[in-house]
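One structure below.
The values are calculated or read from the model by the stated rules, or taken from the named source; none is laboratory data. Small disclaimer: the values here were computed from a predicted structure and weren't measured. Every residue, glycine as well, gets a Cβ built from its backbone with ideal geometry; the counts of neighbours run over all protein chains shown. The protein model used for the area step is the full one, side chains on, heavy atoms only, and it has no ligands, DNA or RNA in it. Shrake-Rupley method; radii C 1.70, N 1.55, O 1.52, S 1.80 Å.
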Amino acid sequence: MTDKEIMENILLTTKGVCDLYLHGTIESATPEVHQVFSGALNEALGMQDCVYKQMQSRGWYAVEQSEPQKIQQVKQKYSVNA
């Protein structure tokens, strides 16, 4: 397994953890449980960001730029005035 594959697995796992913590936060029955899940979510989001930045710096996570025309089309589609 290459370093890139390991980082991809870590990123996918971290994203999955974030999803679980998000749902735990949303579904919390008490403020205390909500606070614990929310704190864990923020920590996991920080880890995910760190992994993403490491991958991007190595060229392993390329971000594709959106075309301005497509951005405008989406803005018009979801505009309040439309």
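Of a type in the set (Lys, Arg), out of contact with any Gly (no Cβ under 6 Å at 6 or more places or on another chain) and at pLDDT 95 or above, is that true of LYS53?
Yes: the conditions hold for LYS53.
Matching residues to (1) touching a residue at least 60 places away in the same chain (Cβ under 8 Å); (2) closer than 20 Å to THR2 by Cα; (3) among the hydrophobic types (A, V, I, L, M, F, W, C):
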position: LEU12; (1), (2), (3): no, yes, yes
position: LEU20; (1), (2), (3): no, no, yes
position: LEU41; (1), (2), (3): no, no, yes
position: ASP49; (1), (2), (3): no, no, no
position: LYS53; (1), (2), (3): no, yes, no
position: GLY59; (1), (2), (3): no, yes, no
position: ALA62; (1), (2), (3): no, yes, yes
position: GLN65; (1), (2), (3): no, no, no
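Just to confirm my filter: which helices (runs of 4 or more DSSP H) fall fully inside the chain and include at least 1 residues that are open to solvent by less than 100 Å² (accessible area, probe 1.4 Å) and in contact with a Leu (Cβ under 8 Å, 6 or more places away or on another chain)?
Those helices (runs of 4 or more DSSP H) span 3-26, 31-57.
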